[in-house]
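The values are calculated or read from the model by the stated rules, or taken from the named source; none is laboratory data. Nothing here was measured: the structure is a model prediction, and the numbers come from that model. With ideal geometry, Cβ positions are generated from the backbone for all residues, glycine too; neighbour counts draw on all protein chains shown.
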Ligand code: SF4
């Protein structure tokens, strides 16, 4: 994909009464283009394009690395073991999965679940940027090293990045461990373990989301 479809029109300059219709039209155009995209080599081996899932009017958005085998099979993000753990973490923190939006840096599965190559992330970036622009989240959670480095343009590792708030284009960004990393550590309750740290992080996210929702119910996207 060579061009962000939202660049064709300046969404936020459009009168409010026409904005929702334009936004929906741009969203559908973006999803449709992705569904048949062949802009990078991952298109050759994918079964499904996993565009994303959830409430695309939510103020809270999650970005992971890329689809795995279960996601490639079903066309849905975060549905395998790691996805089920993410759903559990969200639920434990009082966040309903269907009330947030979840996607990945690349929309097609890298073979053998390898890390996406920079050129693949770059080819897919217009979709991610369009999704972020159209959803207009107040909070962006980056799951794992790949989205954290990609969005924040840093070389710092996820261990140093996680648990800290960053301001990125006016959005509050929180990097967290990817749930697949947490699956490697069964000692969930041990203080300082990856699962324990993730529990602290998601509670921070929930706290900020509550603050956002209590101050911005006008658009009603979180209702
Ligand atoms: S990963 Fe992204 S850029 Fe590559 S083929 Fe899939 S949708 Fe297109």
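Checked against (1) in contact (Cβ under 8 Å) with a residue 24 or more places away in the chain; (2) away from the ligand (no atom under 16 Å from the Cβ); (3) out of contact with any helix residue (DSSP H, G or I) (no Cβ under 8 Å at 6 or more places or on another chain), residue 142 passes all but a single condition, namely (3). The set of residues in the range 29-50 being more than 8 Å from the ligand (Cβ to nearest atom) and surrounded by 21 or more Cβ atoms within 10 Å (Cβ to Cβ) consists of 30, 50. In the range 158-186, which residue that is closer than 16 Å to residue 82 by Cα and surrounded by fewer than 13 Cβ atoms within 10 Å (Cβ to Cβ) is modelled with the highest pLDDT? The qualifying residue modelled with the highest pLDDT is 184.
For the range 156-179, the condition of being within 16 Å of the ligand (Cβ to nearest atom) and outside any helix (DSSP H, G or I) holds for none of the residues.
Taking first residues from the range 23-39 that are touching a residue at least 60 places away in the same chain (Cβ under 8 Å) and more than 14 Å from residue 123 (Cβ to Cβ) and partners that are away from the ligand (no atom under 14 Å from the Cβ) and in a loop (DSSP other than H, G, I, E, B), the Cβ contacts under 8 Å between residues at least 6 apart in sequence or on separate chains come to 26/9; 27/56. Somewhere in the range 59-66, is a residue in a helix (DSSP H, G or I) and either surrounded by 13 or more Cβ atoms within 10 Å (Cβ to Cβ) or modelled with pLDDT of 95 or more (or both)? Taking every residue of the range 59-66 in turn, none turns out to be in a helix (DSSP H, G or I) and either surrounded by 13 or more Cβ atoms within 10 Å (Cβ to Cβ) or modelled with pLDDT of 95 or more (or both).
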